[in-house]
6 protein chains.
Amino acid sequence: VRPAVFTGPPRPPSDVVARLGEHGVATVHEARGRLGLLGTDLRPVWPGARTAGSAVTALCPPGDNLTVHLAIEQTGPGDLLVITTTSPCSDGYIGELIATSLNARGVTGLVTTTGLRDVRDITAARFPAWSRSISAQGTAKDAVGQVNCPVMIADTVIRPGDVIVADDDGVACVPREAVTEVLTACDEWAAREASAREQLRDGALTLDVFNLRPLVHRLDVQHLPWSDSGYLMP
Amino acid sequence: VRPAVFTGPPRPPSDVVARLGEHGVATVHEARGRLGLLGTDLRPVWPGARTAGSAVTALCPPGDNLTVHLAIEQTGPGDLLVITTTSPCSDGYIGELIATSLNARGVTGLVTTTGLRDVRDITAARFPAWSRSISAQGTAKDAVGQVNCPVMIADTVIRPGDVIVADDDGVACVPREAVTEVLTACDEWAAREASAREQLRDGALTLDVFNLRPLVHRLDVQHLPWSDSGYLMP
Amino acid sequence: VRPAVFTGPPRPPSDVVARLGEHGVATVHEARGRLGLLGTDLRPVWPGARTAGSAVTALCPPGDNLTVHLAIEQTGPGDLLVITTTSPCSDGYIGELIATSLNARGVTGLVTTTGLRDVRDITAARFPAWSRSISAQGTAKDAVGQVNCPVMIADTVIRPGDVIVADDDGVACVPREAVTEVLTACDEWAAREASAREQLRDGALTLDVFNLRPLVHRLDVQHLPWSDSGYLMP
Amino acid sequence: VRPAVFTGPPRPPSDVVARLGEHGVATVHEARGRLGLLGTDLRPVWPGARTAGSAVTALCPPGDNLTVHLAIEQTGPGDLLVITTTSPCSDGYIGELIATSLNARGVTGLVTTTGLRDVRDITAARFPAWSRSISAQGTAKDAVGQVNCPVMIADTVIRPGDVIVADDDGVACVPREAVTEVLTACDEWAAREASAREQLRDGALTLDVFNLRPLVHRLDVQHLPWSDSGYLMP
Amino acid sequence: VRPAVFTGPPRPPSDVVARLGEHGVATVHEARGRLGLLGTDLRPVWPGARTAGSAVTALCPPGDNLTVHLAIEQTGPGDLLVITTTSPCSDGYIGELIATSLNARGVTGLVTTTGLRDVRDITAARFPAWSRSISAQGTAKDAVGQVNCPVMIADTVIRPGDVIVADDDGVACVPREAVTEVLTACDEWAAREASAREQLRDGALTLDVFNLRPLVHRLDVQHLPWSDSGYLMP
Amino acid sequence: VRPAVFTGPPRPPSDVVARLGEHGVATVHEARGRLGLLGTDLRPVWPGARTAGSAVTALCPPGDNLTVHLAIEQTGPGDLLVITTTSPCSDGYIGELIATSLNARGVTGLVTTTGLRDVRDITAARFPAWSRSISAQGTAKDAVGQVNCPVMIADTVIRPGDVIVADDDGVACVPREAVTEVLTACDEWAAREASAREQLRDGALTLDVFNLRPLVHRLDVQHLPWSDSGYLMP
């Protein structure tokens, strides 16, 4: 990979980004046809963290965070920094000084497939951050990858300007061309869920609320009285 | 596995269930002769979650939660839903709508070997839930396994009507035939621990409180003054 | 390994230990030339736990915590108990009774490569503890390893009297001979970071604050305007 | 667990055991209704190993193989030794001396959830053995578990006298009460596969040989000409 | 994902595919600018397996291999079947019957992120196959994903008609548009390696053959006589 | 870590090294008092590989193998190259060109905690090599660590001139000061094993050969006739 920084990527409308963030990861994932989840191993640094932003990407060599410093210069208000490496690395690429700088620039959060350190300070500052691990291990500054290239996390492409949504459920990506369409689908999904929620609170069964009984009937599911000897043990 | 729902399993006395829950996982595990722990990878969705209930079980195909909807219909007050799959799966089988429904039915909690989503909402509702992973990945509704069959988690059998106890230490199972006996043993264990705790707070050593010195003597443990060169480095 | 307890190891000055603890793991790790981190899998039992102490070590057989009871007798105010095993073990070597005893003896914390139980009680007591896993699984008392021998965690040697620093970022070890030198380096590091923090809050870039531009120039990093087709997809 | 050796368990007919072994793990698993597989992490010590036998079980403390020596005394011709531990352990419980002894007693193989050593000698002797790991780490002889108690591996119960079948695909267990029935089902399954194999070799499609087209039709699967732009990238 | 089969994808020239296969995974990976590796966990079913082919892809639900049967119909001579799932699954999607069918159709190999069974037969037939795990666990036939859609493995896109190269080092993908260019780069790379190999056999140092001394000089690497006390222990 | 190459380390007598290699990993490990094993995840690249040598060490940055090229220059006949990294890395640090060079210099083998590539060629050349993973992923040449510093693998210190023994069971290290003493202990251990082997082949029990019956008696192990209902299921 030739060292490069791509400048001036497109950015989606900030109000759309914010509204996707309010819907949260699970709803956005469903509204996008169950695409765009960034796996199950990106965890929030502090419980309750929740954000959305326009992706600025950094592809780094393992054990070296110099590329992150180049990426910071490309960020602005409403952006969210996405960091990954050319081969897996758990080192602490990010600490409270970088979080402080991102915060000062109006960046809405940070997602990294590497490790992260200064958990106490980042938690105290309520800066939204997701990482694969926590590690105080420092990094070198010997080599540069690319900033604002497309990157891949958990078999999902993330391009600069795509929308990243993150909360306690993990992280999801929405391609920038699809944000309006996905937002509409989110609104519809949320409306359906609100209606279902009311019925379930009142004691209705999901089998009825989601109209699953005809399907169960078709699958020929038998209901039998329980008895202690009616099973083959595995 | 033929699709089936077994109805009307036995349930242990609710006051015994509640008292086992108050003792917590570590005490119940010791009182049962160190049997019945469901491994180390079932973690509470929110810190401090703590519950007990009578197991209603669901054995699901991977990637498909239709069986869970059939299981909900079999639950009632004091039950706890236990979900596992025929092959390992980290998808998000459970979200806040199902948690809302379980809550409305008086179900005391949820344990699943799959993933779970809507962490924020489930945490806000203080619904007690344990899972192996957090994942927003949605599931299909194409096939049915069995409800209220015996299931296995971490080499432990769980049958409907067995008691599940869960807290920050993990999850344990007590066979329904043994609940009274285990409760008695828990009470005795807790009494012994209370006495030991007092002595330890006052500065006594565990070597004395638990009468370990004769054993240490038998094992011929030597006490030697420390010196910097007295070790073979590994 | 012959069963043995080494008594009376050296201890570093308590005020130096305390000041290292205030600097925290990330700073101590950097100040020590990026040595001494105990890996990424030792996690605090409760968020925000933070401590430092003089190591008392216990090397135990797998599944057997009798050695821990011998180690407790060797602890005093300002010590921190470090537990590891001769082969990997996730059992619950430590519970609230042992934590209570350590607390009563003025021990400042606990680090174990095994599992730990009674999370609720240890959290309530605010006793600082780090472990690789949470497990209610009980241990035997059949055999003894060594107390106050050097132990290894994550390819790092820990000798009795070395300083252990632990917080949300993990755990670090400082050799007792180096504590004064490392503390001086920590103070310098923290002063530099304080200065940088101010500049970053005011909007300065890390590229300038850390003087990285000459290096970036030497590496011939190109800045190019972004375009959607300018990338080779992986 | 109280130290105990259970003597004189039932044994299934040796010719039935041998014929199940010839069918192999995949066929036995299918013939048993897809039950009884012992997970995916038990691997043969040498490629091509293949055996079957009547289970003699040993449940050991972690890091201690004394129970294995008690189990050897309980084995005879046609038996297969199954070793597991009360908490997970990767130590080398078995080496070439034990394999030599088992071989001398007519034991047909060995399955252990622990580690195993002396791979070179065991391979040279063609003694069939499966383990979770390879490790030269020695074990203690301080404590005893149980011999010929039921044990659990990968959520499957194994009782003494159950049939263990093992090959390159892994390990499966057939309850001793079901061996005749499972053997009949294996014979039928193998006959069906032989017929299908011939047709597939002649160029028939599995869609036709297994009569899958009606199902595909019911699921409304569309066939569309390929075009480069017809996909939503994940 | 809507059930669909895309028919008639483009295929690269078969002689180019064959020559890429002869170069092998490591050379192809280097010649493609270090892109296109499918991770480190796809392992050959038998040592020495080596192949190349034009990708036919199958994206399956977890635990269900019906899509594979639809994919077989789309394969022809020179194709290589690539199987993945919408959520991770270790079940045995492929056995010797499917391998027999693929072999009969002239398919050159098989790569699956799932499990695989009948290792003995597939090895005996020398059918080239790579998988993430070995598992006899059978799959259902309840649902269909897509055939010849783009799929992702280890953050790499694989489209039908892309070239898959596989050997003992793992699996790599070359986009169909790039095959000629990559083949040329492979030829050049191999020629350079052949020249280097001769020099190294004659005792030359890689520092000289690859002209690394100027770089080492620039990095100011010191050469110092060894002494036992010259190191800071970690 | 400052870039440095330490030259001219001590080397143990080559005949002692060779004889330790003949004893193999399990015997050396036992003879050293069960110290010095380098974990369970270093696996031979080809089955049956077996070697011993005097360690030349290389500590590399993650993703960068320039240090390895500096290390090659320090190797000579009878040496064995040991490679590790400052943070975990699975990239392919070593391929057949480096193996060819090491072979030409009389180096007896290679142990690396990283990945390795060109498995086919290294296997064909019968060059003894152990690694944690197989990966074709190439490395950079941007930075240098240290050559012939002490390194750590699996909590074991390896210094230049220590003896490395490796076979199918894994890898072990013997400190250079202890080689003669360990060799004597190996010879004794092997003699004892030869005697036991003969007795076991003749049908003796390990309980008698290793004189374990008094211990079993002391532990009060009961022998009870088997019955199907005599167990508490877990």
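What does the C-alpha gyration tensor say about the overall shape of the stretch A:76-234? Classify as rounded when a/c is under 1.5, otherwise prolate if a/b is larger than b/c, or oblate.
prolate
The stretch F:115-133 and the stretch B:159-230 have their alpha-carbon centroids 49 Å apart.
Residue by residue through B:51-61, how many Cβ atoms from other chains fall within 10 Å of the Cβ on average?
On the way: counts 0, 0, 0, 0, 0, 0, 0, 0, 1, 1, 8.
Rounded to a whole number, the mean comes out at 1.
Placing a label point 7 Å from Cα along the Cα-to-Cβ direction at F:Arg126 gives distances to the equivalent points in the other copies of 2.3, 2.3, 6.8, 7.0, 7.2 nm, listed shortest first. With an a/c value under 1.5 for the gyration tensor axes a ≥ b ≥ c computed over the alpha-carbon atoms, the protein assembly as shown is described as rounded. The sum of -39500 (n - 2.57) across all DSSP H runs of n ≥ 4, divided by the residue count of chain A, sets its helix-only mean residue ellipticity at 222 nm to -9000 deg cm²/dmol. With every protein chain in place and a 1.4 angstrom probe, the accessible-area ranking of D:Asp168, B:Asp15, E:Asp142, largest first, reads B:Asp15, E:Asp142, D:Asp168. Treating r as the C-beta distance of A:Ala204 and A:Glu22 and R0 as 22 Å, the FRET efficiency rounds to 0.25. In chain F, the beta carbon lying closest to the axis that superposes F onto C belongs to the residue given here with its whole-angstrom distance, F:Asp155, 3. Between the C-alpha center of the stretch C:35-88 and that of the stretch F:1-17 there is a gap of 34 Å.
Within the stretch B:93-234, DSSP assigns beta bridges of which about 55% are antiparallel (rounded to the nearest 5). Could you identify which residue out of E:Ala204, E:Ala190, E:Ala26 has the top mean-square fluctuation in a GNM of chain E using Cα springs shorter than 10 Å? Sorting by GNM fluctuation, first place goes to E:Ala204. Each copy carries a label point for E:Arg213 at 7 Å from Cα along the beta-carbon vector; from one copy to the others these points are 3.8, 7.2, 7.3, 7.3, 8.7 nm apart, nearest first. Within straight-line reach of A:Lys141, meaning a Cα separation under 18 Å, sit the following lysines at least 8 residues removed in sequence or on another chain: F:Lys141.
Please say if the stretch E:42-96 is rounded, prolate or oblate, where rounded means a/c under 1.5 for a ≥ b ≥ c the square roots of the C-alpha gyration tensor eigenvalues, and otherwise the choice is prolate for a/b larger than b/c and oblate otherwise?
Oblate, because a/c is 1.5 or more while a/b does not exceed b/c.
Counting only Cβ charges, +1 for Lys and Arg and -1 for Asp and Glu, the dipole size of the stretch B:100-214 around its Cα centre is about 460 debye. If both residues of a DSSP beta bridge must be in the protein assembly as shown, then about 40% of such bridges are antiparallel.
Shortest first, A:Pro10 label-point distances to identical copies amount to 2.4, 6.6, 6.6, 6.9, 7.2 nm, with the label point at 7 Å from Cα along Cα→Cβ. Overall, the protein assembly as shown carries a charge dipole of about 0 debye about its Cα centre when +1 sits on the Cβ of Lys and Arg and -1 on the Cβ of Asp and Glu, all other atoms neutral. Roughly what % of DSSP beta bridges within the stretch F:44-144 run antiparallel, to the nearest 5? Here the antiparallel bridges make up roughly 5 percent for the stretch F:44-144. Chain F against chain D buries an accessible area of about 3700 Å², both chains summed, 1.4 Å probe radius.
The values are calculated or read from the model by the stated rules, or taken from the named source; none is laboratory data. None of the values given here were measured: they were computed from a predicted structure. Neighbour counts are summed over all protein chains in view; Cβ atoms, including those assigned to glycine, are modelled from backbone coordinates with ideal geometry. All accessible areas refer to the heavy atoms of the entire protein, side chains included, with ligands and DNA or RNA removed. Shrake-Rupley method; radii C 1.70, N 1.55, O 1.52, S 1.80 Å.
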